[in-house]
Every structure is written in structure tokens, then in C-alpha cells.
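Participant: Structure in C-alpha cells, see below.
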Amino acid sequence: MATAPQDWSDRSRELSALLARAAIGDREAFARLYDRTSPHLFAVVLRINRDRAQAEDVLQEVYVNVWRAAQSFDAAQSQPLTWLTSIARNRAIDSLRRKHAEPSVRPAAPTDDEEHDVYDDLADTAPGPLALLGQASDARALSHCMEALSGPQRQSVALAFYDGLTHAEVAAQMRQPLGTVKSWVRRALQVLKSCLETAVVRDVSAEKS
Amino acid sequence: MDYSRPELADRLAAEYAAGTLRGGARRRFESLLGAHPALRSAVRAWQHRLMPLTGVLVPEPPPPAVWQRIQSRIGGDVAKAAGWWARLSVWRGLTAAATVATLALGVLLALPEAARPPVVVVLAAADGSASPSSFVAGISADGRALVTRPVTPVALQADRALELWSLPAKGAPKSLGLISADAATVLRKGKVPDDTAALAVSLEPTGGSPTGAPTGPVLFVGKL
């Protein structure tokens with residue numbers, strides 16, 4: 001079951017309370033926070049760093065970091081799931097930096113670790129980034145705004161955002177010049193921003209009328 | 001580059017949140033976040049816009065071993081287990097500052113009994129950072145008067161206020177009132193609770209916490 005986009009805000013209150021209690025050293029609250037959020041964060045990390053052992057290390061670092069930094073979470077400024085997801089994405093992207101220094105060849109034969117087998121299957125059947133963006137479009141405002149993007153804009157943002165690809169990697173995958181891809185991504189983000197801002201304004205004026 | 005230019009700040013924040021800002025540029029951007037509130041709020045806005053996209057990923061429960069490793073990591077953090085206000089490192093090494101603070105507060109506090117000096121507490125940045133800002137608080141020996149003073153003025157948004165809390169060794173924090181971010185505040189409302197183990201300053205909406213418990217981040221903390 002994927003987290004339905006509308007749940008994103010609904011879960012805020014509960015997660016904020018758990019984070020606030022974790023901030024004053026409440027281990028039970030922190031354990032509940034982990035139960036509630038780690039499947040989502042693990043999915044986010046795995047999508048970017050597909051090496052399962054490394055993804056587990058990243059997730060571990062994320063939660064140790066959250067435990068130490070929980071007091072800096074400000075519920076008035078951020079939604080808890082947004083805050084947690086951002087931390088996880090940052091760590092995952094950083095782990096790619098280190099990984100690139102190593103050979104990126106996958107072992108030809110399955111290791112003796114069962115989880116690797118399971119994951120290798122999963123990786124092949126996982127929806128592509130563009131399909132994911134289409135599903136994300138179920139969220140009301142995002143749905144509307146995704147339609148404002150051109151096909152190449154949408155695909156380049158999806159590859160960069162979901163899979164953590166660099167501009168150069170997106171360019172290689174899409175067989176397009178680097179400069180073209182850079183301007184697609186930049187333009188797509190700007191279109192999303194102004195469209196989401198208009199969507200908020202529209203919501204507010206709809207409530208007033 | 002001039003990071004105070006709003007369009008540039010917004011573009012970098014977008015690429016940071018989207019993940020396309022990489023390598024040295026990403027690290028440089030991260031190192032600037034601490035000092036640039038405008039960059040931080042641009043990043044927050046972009047994270048708010050983009051993170052819901054991850055809502056469609058199929059959740060993948062991590063293996064139990066991950067939680068066990070996390071527990072053993074944070075289990076070693078004994079100070080945290082005793083409550084974040086008990087972290088000695090926060091105020092260790094601040095003795096010199098406390099001496100200065102005693103002199104500074106001497107003029108503010110009417111000592112009820114000459115033989116019993118006021119208790120002076122140095123409240124340092126709660127995140128353990130080497131932030132230059134801190135608060136000093138003095139509590140008169142009978143606990144009836146309390147004075148706080150920022151060592152350096154704290155910059156606040158217009159709709160925010162600082163609230164002072166008494167933290168008992170066990171139980172919930174108790175509000176001691178709102179304090180000024182840039183000047184001394186004298187609180188005489190009542191007695192500071194006898195079981196106060198530490199003082200903390202949290203960031204709250206104007207008028208103070210609506211819930212009676214700290215709602216914003218704890219900015220400063222100091223043990224008695």
C-alpha cells in the first residue's frame with residue numbers, strides 16, 4: 001500500500017507529537033515514529049540507492065540523525081513527513097556520491113543473502129519514474145500542475161527526483177544534450193512552482209466565494 | 001555568487017530539493033544554509049512542494065536488524081536517555097561564562113539573603129552547536145525572582161516569541177512566562193518550582209505556547 005497523497009497532511013499531527021516526545025528523550029515515541037515512517041523512508045532511499053545493504057546503512061544513519069536532531073523540528077514550519085523524507089533523500093543522495101567512487105557492477109550470481117534475491121526481482125518490476133509521477137498526480141493540485149509540463153520536462157524531473165540521477169545521467173538516459181536536459185528540469189520546476197502557487201490561490205478564493 | 005539574490009536562491013533551493021544540485025555545489029549550498037534564513041525557507045518551500053511526490057512509492061519495511069542497529073547506536077547515548085536537558089556537554093566548559101554572568105546579574109538581583117547567592121544558569125544552544133547566542137538566567141535564592149538576559153540579542157520573526165520553561169527531573173515542563181529576545185526580563189510571578197532541574201527557552205507563537213507545553217523547537221537549555 002502506497003501512502004495516499006491526501007494522508008500526507010493527515011498524518012502530520014500524530015507524527016509531530018511523536019517527534020516532540022522523541023526530542024525530550026522518549027524512546028517509546030521514537031520507536032513508534034520508526035514503525036510508522038521507516039517503510040516509507042526505506043522505499044525512498046532504495047529508489048535512489050538500489051544497493052540494499054547500503055540503503056539499510058543510509059536508513060540507520062537517517063534515524064540516528066533524527067533522534068539527535070528531533071528538537072530542531074519545528075511543526076510550525078514543516079510537515080513531519082516532509083522533514084523526514086527530505087533527510088532521507090539527502091542521505092541517500094550523499095551515499096551515491098561515495099558509491100560512484102567504487103565500481104558499480106552488480107554481482108552476477110546472487111549472494112547468499114536472501115534479501116538481495118528478493119530485491120533483484122523487485123528492481124526489475126518496479127514502476128518506472130514516469131509511471132510514478134503519473135500516480136503522484138492523483139494528489140489534487142499536483143495532478144493539475146503535472147499536466148502543465150511537457151513530456152520531456154516531466155520525464156527529466158521524474159528521473160532526477162525519483163532515481164536520484166544527475167543531470168548528466170538523465171541526459172545519457174534520454175539521449176539528449178546535457179544543456180537541453182538542464183533547461184528541461186529547471187523549466188519544469190518553475191512551471192510546477194508557479195502552478196502550485198496558483199492552485200493555492202484558487203483554493204483560497206474558492207473558499208471565500 | 002550572491003546568494004541573497006532571491007531568484008538565484010530559489011533556483012538553487014529547487015535543485016537542492018529535486019536532487020539535481022550535486023557534488024561540490026551541493027555541499028557548498030548545505031554549508032550556507034546555517035547562515036542564510038532566506039535560503040532555508042526557500043528549501044523548506046521546495047521540500048513542501050516536491051516531497052509528496054514520494055507518496056506513491058510502495059512502502060518497503062526495512063529488516064529488523066536495522067532497528068536493532070539504530071537502538072544500539074542511540075542506546076549508547078546515555079545523556080539523551082536521561083533527557084536532553086541533562087546533557088552535561090551543553091554547559092560543560094561554561095564556568096567562565098557563568099562567572100561573568102554572575103557579575104552581570106548581580107546588579108539586577110536584589111539578594112534576599114546576602115549569605116545565599118542567586119543561582120545562575122547559562123542556557124546554551126540546545127542543538128549542541130557552537131552558536132554564539134546564549135541566555136543567562138539568575139534565580140534569587142528564595143526562588144521568587146528570576147531574571148533572564150540574552151548574551152547576544154536573538155533575531156526573531158515578528159510573529160514569534162521566546163518562552164521560558166522550568167524542567168523538572170521528572171514530568172512535564174512548566175511555563176515561567178515569555179522573555180525578551182533582546183533585553184533583560186524580570187519575572188516575579190511566583191516561585192520557580194523547587195524541583196526545577198533545568199531551564200529551557202523555546203520558540204513559540206506570539207503570546208506563548210497555545211497548549212501549555214513547548215510547541216516550537218527548544219533553542220536554549222541550561223541545567224541548574
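The values are calculated or read from the model by the stated rules, or taken from the named source; none is laboratory data. Here the structure is a predicted model, which means the values were calculated and not measured. All Cβ positions, even for glycine, are placed from backbone atoms using ideal geometry, and neighbour counts span all protein chains on display.
Participant: Within the range A:181-200, track down each residue that is in contact with a Ser or Thr (Cβ under 9 Å, 6 or more places away or on another chain) and surrounded by fewer than 17 Cβ atoms within 10 Å (Cβ to Cβ).
Facilitator: A:R187
Participant: What number of residues in the range B:138-181 are of a type in the set (D, E, K, R) and closer than 17 Å to B:V221 by Cα?
Facilitator: So the answer is 4.
Participant: Out of the range B:199-219, which residues are within 22 Å of B:V151 (Cβ to Cβ) and within 11 Å of chain A (Cβ to nearest Cβ)?
Facilitator: Across the range B:199-219, the qualifying residues are B:A200, B:S202, B:L203, B:E204, B:P214, B:G216, B:P217, B:V218, B:L219.
Participant: Further, regarding this structure: Run A:P80 past the list (1) at pLDDT below 90; (2) in contact with a helix residue (DSSP H, G or I) (Cβ under 6 Å, 6 or more places away or on another chain); (3) not basic (K, R) and report the number of the one that doesn't hold.
Facilitator: Among (1) at pLDDT below 90; (2) in contact with a helix residue (DSSP H, G or I) (Cβ under 6 Å, 6 or more places away or on another chain); (3) not basic (K, R), A:P80 violates only (1).
Participant: Going through A:V66, A:V58 one at a time, which residue ends up being more than 8 Å from chain B (Cβ to nearest Cβ), crowded, with 18+ Cβ neighbours inside 10 Å and within 19 Å of A:S16 (Cβ to Cβ)?
Facilitator: The match here is A:V66.
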